[in-house]
1. I want to confirm something. Restricting to region 154-171 and keeping residues that are in contact with a Gly (Cβ under 9 Å, 6 or more places away or on another chain) and open to solvent by 50 Å² or more (accessible area, probe 1.4 Å), which single residue is farthest from Glu127 (Cα to Cα)?
2. Out of all the residues in region 172-192, is one or more at pLDDT below 90, within 30 Å of Asp154 (Cβ to Cβ), open to solvent by less than 20 Å² (accessible area, probe 1.4 Å) and not acidic (Asp, Glu)?
3. Across region 518-575, what is the number of residues that are in a loop (DSSP other than H, G, I, E, B) and open to solvent by 20 Å² or more (accessible area, probe 1.4 Å)?
4. Residue check: is Thr40 open to solvent by 70 Å² or more (accessible area, probe 1.4 Å), at pLDDT 85 or above, under 45 Å from the mean Cα position of the chain (by Cα) and on the phi < 0 side of the Ramachandran plot?
5. Looking at (1) modelled with pLDDT under 90; (2) under 15 Å from His570 (Cα atoms); (3) of a type outside the set (Val, Ile, Thr), can you tell me which one Ser597 breaks?
6. Test each condition in (1) part of a loop (DSSP other than H, G, I, E, B); (2) touching a Leu at 6+ places or on another chain (Cβ under 7 Å); (3) not charged (D, E, K, R) for Pro663 and report the one that comes out false.
7. Here are Asn584, Asn539, Asn589, Asn522: which of them is touching a Pro at 6+ places or on another chain (Cβ under 9 Å) and not small (Gly, Ala, Ser)?
8. In region 462-504, how many are open to solvent by less than 10 Å² (accessible area, probe 1.4 Å) and of a type in the set (A, V, I, L, M)?
Amino acid sequence: MGRRPRFTTPLTIARDAFVRYVVRPLDVFSPKVRFLIAFTFLVVVTALLLFTNYFSGYSENYKEGEVVKATVISPTDITGVDLGETGRKRAAARESARPIFNFDSTRGETSARSFRAAWEDLRKQTESRGTAAPTWTGEGGAAVARTIIAHRFDPATLDQLSALIREIGDAYIYTDNDANRLKEEIVLVDVKNPTGQMIMPAPQTRMTPLSSAQRNLEVRIRDLRGWSQEEKTALASAIAPLIKPNVVLDQTMTATSREAEASKVPQMEISLKRNQVVAREGDKVTPVMLAQLEAIKNSGHAGRPWRRFTGLLFLVTALYWAAWKFTEHRSTAAGLSLSKDRAFALVASAILVETVLMRVGFTFGDSVALQMHPPFNDPTIWNFSIPFASAALLVAMLVDAQLAFMTGLVTSLFAGLLAQSGMQKASYAMVSCAVAIYGISRYRERQSVTLAGLLVGGANALMALALIAYSEQAFVLNTVLLALGCGITGGLLTSVFTAGGLPINESLFGILTDVKLLELSNADLPVLGQLALRAPGTNQHSHAVGQLAEEASRAVGANPLLARIGALYHDIGKLAAPDYFVENQQGDNPHDRLKPSQSAKIITSHVTYGVRLGKEIGLPKKIADVIPQHHGTRTLHFFLRKAQSQAKPGETVDDKDFRYPGPKPQFKEAAILMLADSCEAAARSLARPDPENIRTIVVRIVDAILSDGQLDECDLSLRELTTIRETIIHSLVAIYHARIDYPGFNPLPLTDAPAEAGTDGEERGVSYSKTSEIPINKSVEVEDEGVTRKAAQR
């Protein structure tokens, strides 16, 4: 027989080795610390996945006057600053602030003194005999010097010109560039007395631009008497540059004043409520709408991100803690096939992977929507294609519906945290999960996943239409078709991801699904083929026990498929020496030639060899556990008594050599298999298996097993034990029911001696007319091997 591992693939072996290598550093910690480390890692990773939504809010960019592509709804209560309106109001405040001008009241006198100084300097140069050609130090050059020298430095002329300069220079003169600023009120500050500020309304009507003042000067000069035209031109060129603006804009003070006025304008706030419609598809973008859209866009970036992340951590921790406590309760109250730690690891890993799928799905939906035109540019519709129910369906098929519902509840809440329309997406995800969980029965065939996906797709399509109606979107044909298509796609993707995750999680968490059990029942598997070929009696016995165990398990709510498949493998250890077991013997009993201790060792070794063989071929743990547990710790009393009777005086016989290694049955299916195994073997030994004899022998076996304490470590109740007993009796009566006699083929009449054939004509080997004659020891082991053929014929 090929002993190559059959049920453990090289990929599984490599994966297990990798997992052991990864978790090896954690072996230094206690189990509680390891759990806390894993729990913390789970919470942080999930929170980070959910927190990415903090940076991925509404991202559409509009300009005023454009048409809104899709209806925009506020995802939450938003209170923000209307930066645009605030900026406009502050700009208006700046513009309304009065400009500040500085007024120099001494400008005319300063200009007059400057002219007089140049006049006196020229006079001194002329009076000095050392100066050959006097130079005019002011504006105008040599022509001015000649003109003034020609008038002999007349003091009256100097006074006249100085007065003219003061008269024109003392007026309010401003530069022509400031004309627009002087149309409104201004603040006029005297530079000689800065505290003395004056608000001047309509200043332009009371002031003179520089160009006008200079033209006025030229007119006044042309009106002077006693000056030639050439002299007047030279004189104007000297005096005109002295006329300068004495009203000058103070840019620094003006800017400060404007900012002060702008700072008095409070920030304009925007207040949006959750689910408030900001813009509908087809609306034109207005300034107010732009501000609201900007507030939605900035809502993910404003505030205190670390405070938000801390709150998210607490929220995720609370949800995972609730899932842990629910899993702990379920594993204690309902007797799950997984330990509470493994069950929670399955639930938590499914939720984590589902969160990754949702994160990717929302991002992908938003990206696709941005590339589309109405009505295909609505990301909320594209998000209907996300497989929200994958995690719940996976847990439902691997464990049970209650844990799956908890998984669906948590993933739905996470979907609400990720989506902009949180409540709507959470409701959509919850309905999708509920249909996936309760829309199918047990996981007995691979197409169950496909069927679940189709059911989820149909429910998704209906929910998509309901949410479109709820959000008051228009029922456009393209929108409806897109929503239906995305909903159905979400169901199909649910089946795809679930189908991909089932074998991985089956192997990773050691879960024995019904599909895996059905695969183990394949008669073409090497170990079952060898059992049928080399130990046909054991093979037939295993099938019969499987039938009894399946019916009994179904009656008490245990796993009937696990019981039947466990029965197929419970005696594979007999392949080591099939001829030493009575069901495979043909006349001669080899135990007649062996010592009792040798016979006991051979018989009990079929358990230890079966365990080793199951490990070698990679038999799932739940099936492998049936092999040692179906015999428990019972003793081969007949061989023990035979050894004691053959012992020499003073020789001690150790009863441990005649006891099965155990352990006792740890779960219902193993206990049922123990009862079915003993009852089937005993019923097979009956020469007359009528209902009365079957009931007598089954009651005897059940009572003896219970009295021997073999059922102390499993969770069978007395009521369940009674149900199991009655079911086995009913099944055995159905198997060994009386058949009609065919003329000419009637069996020989039975005597009180053991017969070779039963009333139904089946050949049984050694059989017993009375139930009391069947070799059942105190541990309720049918030890046919311990009875010699000669003894059986007496």
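The values are calculated or read from the model by the stated rules, or taken from the named source; none is laboratory data. As the structure is a prediction and not an experimental result, all values here were calculated from the model. Methodologically, a virtual Cβ is constructed for each residue, glycine included, from the backbone with ideal geometry; neighbour enumeration extends over all protein chains shown. With ligands, DNA and RNA removed, areas are computed over all heavy atoms of the protein, side chains included. Shrake-Rupley method; radii C 1.70, N 1.55, O 1.52, S 1.80 Å.
1. As a first pass, look at region 154-171 and keep what is in contact with a Gly (Cβ under 9 Å, 6 or more places away or on another chain): 157, 165-171.
Cutting the leftovers down to open to solvent by 50 Å² or more (accessible area, probe 1.4 Å) gives us 166-167, 170.
Values: Arg166: 28, Glu167: 30, Asp170: 33 Å.
That would be Asp170.
2. The answer is no, given that none of the residues of region 172-192 is at pLDDT below 90, within 30 Å of Asp154 (Cβ to Cβ), open to solvent by less than 20 Å² (accessible area, probe 1.4 Å) and not acidic (Asp, Glu).
3. At the first step, the residues of region 518-575 found to be in a loop (DSSP other than H, G, I, E, B) are 521-525, 535, 557-559, 570-571.
Applying the additional criterion that residues be open to solvent by 20 Å² or more (accessible area, probe 1.4 Å) yields 521-524, 557, 559.
Residues that pass the stated criteria total 6.
4. Details: open to solvent by 70 Å² or more (accessible area, probe 1.4 Å): yes; at pLDDT 85 or above: yes; under 45 Å from the mean Cα position of the chain (by Cα): yes; on the phi < 0 side of the Ramachandran plot: yes.
Criteria met by Thr40.
5. (2)
6. (2)
7. Details: Asn539 fails: touching a Pro at 6+ places or on another chain (Cβ under 9 Å); Asn589 fails: touching a Pro at 6+ places or on another chain (Cβ under 9 Å); Asn522 fails: touching a Pro at 6+ places or on another chain (Cβ under 9 Å).
The conditions single out Asn584.
8. Adding up the residues that qualify gives 4.
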